[in-house]
Amino acid sequence: MALHSVKVAVIGAGVSGLIAARELQKEGHNVVIFEKNKRVGGTWIYDSKSDSDPLSIDPTREIVHSSVYLSLRTNLPRHIMGFLDYPFAKRESGDPRTFPGHEEVLHFLEEFAGEFGIHGLTRFETEVMKVERKGNEWLVESRLTRGNDSVSEEVFEAVVVCSGNYVEPKHGVVPGIEKFPGLQIHSHNYRVPHDFKDQVVILIGIGPSSFDISRDIATVAKEVHVATRPIPDLNMKLENVRNICFHTLIKCVYEDGLVAFEDGFSIHADAIIHCTGYKYHIPFLETNGIITIEDNRVGPLYKHVFPPSMAPWLSFIGLVHKETIFNVVELQAKWVARVLSGKIILPTEEEMMESVKDFYQFMEENGFAKRHTHSLRPFQSDYKHWLVEQIGLPPLENWKDDMLMECLKNILIERNEMYRDEWDDNHWDAIIQNDQLLKN
């Protein structure tokens, strides 16, 4: 039981919100979850609908939360997508693959929520309109998304923001792109490939979504061309597979649909898909400028979680990326829950602020762009081990980091589209068993 219990608002019932609620509840806190959707699962809920604006630029557009496309499979094995005491195990009637489809992940999250009574803590179809500090408390304004425009107000001692970061698309700067006469969409709004049948399609970006979508579309498209900035670890000869070709960045787009690349290649295209990622967007949070979002840096935040001047009563879980999100958010949630209960004492505001400044200075001195502030790679192990020490847990298993790096090598360096189906479970089972023997 907590040394003291507080009333906590959790914003969002995706992966971060679910594990946050479970950990807060375990510590004896009074938890209320606000979820805009009608079920748990966050971005793992597939919706055949997409934003009314396919580029997701129009601020008045109808927004669909999910970015999941129909063919999506996990790009990480289920071994590293569960929680410490609740593994993402195979089930008799489910998708048996080591890298299952999105439906299986959603089922796992729904089972987790059911196991720990999280549905009963959640106010579904409730959108948070404003979160604002009032004296020593937080005022949360919300409204039902169906049939009622009236705003409800409720006071909480603490707020944990778990609203995700795959909703507000980011776009790159491409000369002449506004003149393109064909279809333009952001990958957030991609669902199925049939709209691109017999077309010449260009994808901007070479991240995991581009990796999957290019191959999905290639099954029906005439040609697929992927434009990306040069990456040191990536052989730009690449393995031009099927009807997919890789190029350097787009030099210019013309009114007649001609797209010219910096490598000298040009082609008339029918469609352009922007696989350019997302930006942090927390429109409901009002802090009078204490917390800002600048070039995708949410800050200042101590260890990506606590704003020093508002800690521990405001926290963020799940902002980090380029890491196995299930593992990190569980550790963050345990840390937040125990800080709020008084079991863990944070440094002083001044000490936390100094830590943030040191981190920003380290990034600048080592050439890390501000937009990569919440990217843990290549320091994900250090961050997780630091959290483990704070919480007082046993050391994490080394094989999890090794498995993550193997996946990243296949996706980002070798561009091996078959790695999910060539995955050697027996090899990894032996590594896991050996690691456990050494640990014992």
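Throughout, read-outs are computed from the coordinates displayed, never taken from laboratory work. Keep in mind that what you see is a predicted model, and the values were worked out from it rather than measured. All Cβ positions, glycine included, derive from the backbone under ideal geometry; neighbour counts span all protein chains shown.
So here's what we get for this one:
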quantity: Cα-centred dipole magnitude for the range 123-180, charges only on beta-carbon of K, R (+1) and D, E (-1), debye, nearest 20; calculated: 260
quantity: Cleavage-rule hits, GluC sites (Glu not before Pro), the range 16-64, DSSP coil, Cβ neighbours within 10 Å at most 16; calculated: E62
quantity: The range 43-94 and the range 386-440: distance between their alpha carbon centers, rounded to Å; calculated: 23
quantity: Relative contact order (percent, whole number), the chain, Cα cutoff 8 Å, 6+ residue spacing; calculated: 18
quantity: Gain upon complete extension [E153, I345; 0.36 nm per residue less C-alpha separation]; calculated: 66.1 nm
quantity: Estimated D of the range 177-274 in µm² per second, where Rh is the Kirkwood radius over Cα pairs and Stokes-Einstein applies at 4 °C, 1.567 mPa s; calculated: 97
quantity: Inter-centroid distance (Cα atoms) of the range 143-185 relative to the range 317-339, Å; calculated: 22
quantity: Value of D in µm² per second that Stokes-Einstein yields for the chain, Kirkwood Rh from Cα pairs, at 10 °C (1.306 mPa s); calculated: 68
quantity: At least 18 Å along the helix axis (C-alpha) and Kyte average at least -0.5, DSSP helices within the chain; calculated: 102-115, 325-341
quantity: Dipole of the range 250-373 [Lys/Arg +1, Asp/Glu -1 at C-beta], most positive-end residue of I250, P347, N366; calculated: P347
quantity: Estimated dipole of the range 299-440 in Debye, rounded to 20 [Cβ of Lys and Arg +1, of Asp and Glu -1, Cα centre]; calculated: 520
quantity: Gain on full stretching of the segment that runs from I293 to L70 - 0.36 nm per residue minus C-alpha separation; calculated: 77.1 nm
quantity: Label point at E414 placed 7 Å out along Cα→Cβ; residues across the range 194-222 whose backbone nitrogen lies under 19 Å; calculated: 207-209, 211-212, 215
quantity: Length-normalised contact order for the range 177-274 - Cα pairs under 8 Å, 6+ apart - percent; calculated: 36
